[in-house]
Amino acid sequence: MHSPIPSYLDEVLQSVAADRTGVLANYIPELAEVDPERLGASIAMVDGELYASGDTDSLFTIQSISKPFVYALALADRGFEKVLDKVGVEPSGEPFNEISLEDSSGRPLNPMINAGAITTHSLVGTETMNRAERMERVISGLSAFAGRSLDVDEAVYSSEIEHAHRNLAIAHMLRSHDILTENPTGVVEGYTRQCSLLVTVQDLAMMAATLANYGIQPVTGEQVVPKTVVRQVLSVMFTCGMYNAAGDWATQVGIPAKSGVGGGIIGAVPGQLGLATFSPRLDVHGNSVRGVSLFERFSSDMGMHVM
Ligand code: DON
């Protein structure tokens, strides 16, 4: 039977195309150069069926959308206790780049803000891995979620690392509390490289669908991380994934989600589907303006809100 989803996606993209509000992520010079008009959306069902419309093959950097997947790898590799010892699960209600450490212990409030994500990056793989081996585990792990090999955008990486003073300051704070136990510069380099992985909106929908499918990649059939890990990751995405817009998101859209300053947003409906949007202009929280509108439409049209 002919699916109505492709024409639905075309129509929904059309409905937000005229919105030119928001700004590009100019704190990373290379991101300020992208075409602001890009617009795409994709839906991946847990059976592997993939739908997409608009800029379906444009590559852009994953940025903070890498955070839940790296959190998943850290939980799978080191176990819940070791990871929870270093990174909490409480919403910060603050912007993504706030320091947000618990007062006495220095433990970051959650793995979606930069302090927590820099820490979870350091927890991927085994304790004896060197930086290159850990990076390889991060890239191959995220590639397994996507179902294809992902590459780093070296230009975006260099552009961001040159201006990474705030993340370096956060990493030094974490090192002073022994939350990080190694050279902070090396960890920030790895974290920034992780954020510079190139994806399409279709890759992101597949990655989200792997979460929706309880850790099994819908096309390759690989169990990328255990189901218990996915439950933890989706719970944290629900409460912390949209930073200080998390409350608005929970009421308006009502599904676990994660945004990135490259212009992507993902959402997962457990047992059903993964969704992704791409549009580079961002609101004050660093979330894609048209992406947020698209998710509001998806949620109301498809009755996705958990309530
Ligand atoms: O740490 C940073 O500043 C970026 N590489 C990632 C930030 C990001 O995507 C925030 N999300 N909306």
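Scanning the stretch 271-296 for residues that are over 19 Å from F238 (Cα atoms) and free of Cβ contacts under 8 Å to residues at least 60 places away in the same chain gives a single hit, V284.
Cβ-Cβ distances below 9 Å connect the following pairs, each with a first residue in the stretch 245-270 that is over 17 Å from M302 (Cβ atoms), a second residue that is at pLDDT 95 or above and among the basic types (K, R), and a separation of six or more residues or different chains: K258/K67; G260/K67; G263/R38; G263/R281; G263/R290; G264/K258. Among the residues of the stretch 55-89, which ones are in contact (Cβ under 8 Å) with a residue 60 or more places away in the chain and over 25 Å from H165 (Cα atoms)? Answer for the stretch 55-89, where residues must be in contact (Cβ under 8 Å) with a residue 60 or more places away in the chain and over 25 Å from H165 (Cα atoms): D55, T56, D57, S58, L59, A72, L73, L75, A76, D77, F80, V89.
Going by what's in this entry, would G263 be described as of a type in the set (G, A, S), within 12 Å of the ligand (Cβ to nearest atom) and closer than 20 Å to P108 by Cα? So G263 fails the test. Is it fair to say M237 is under 20 Å from I113 (Cβ atoms), within 12 Å of the chain's Cα centre (by Cα) and modelled with pLDDT of 95 or more? Taking the combined requirement at face value, the residue satisfies it.
Against the definition (surrounded by fewer than 24 Cβ atoms within 10 Å (Cβ to Cβ), under 23 Å from P91 (Cβ atoms) and not polar (S, T, N, Q)), how does P256 come out, yes or no? No: the conditions fail for P256.
Can you find even one residue in the stretch 267-284 that is within 11 Å of the ligand (Cβ to nearest atom), closer than 16 Å to C195 by Cα and either among the polar types (S, T, N, Q) or open to solvent by less than 10 Å² (accessible area, probe 1.4 Å) (or both)? Looking through the stretch 267-284, none of the residues is within 11 Å of the ligand (Cβ to nearest atom), closer than 16 Å to C195 by Cα and either among the polar types (S, T, N, Q) or open to solvent by less than 10 Å² (accessible area, probe 1.4 Å) (or both).
The values are calculated or read from the model by the stated rules, or taken from the named source; none is laboratory data. Keep in mind it's a predicted model, so treat the numbers as computed, not measured. Note that we place each Cβ from the backbone using ideal geometry, even for glycine, and neighbour counts take in every protein chain shown. Accessible surface is based on the protein model in full, side chains and every heavy atom, while ligands, DNA and RNA are left aside. Shrake-Rupley method; radii C 1.70, N 1.55, O 1.52, S 1.80 Å.
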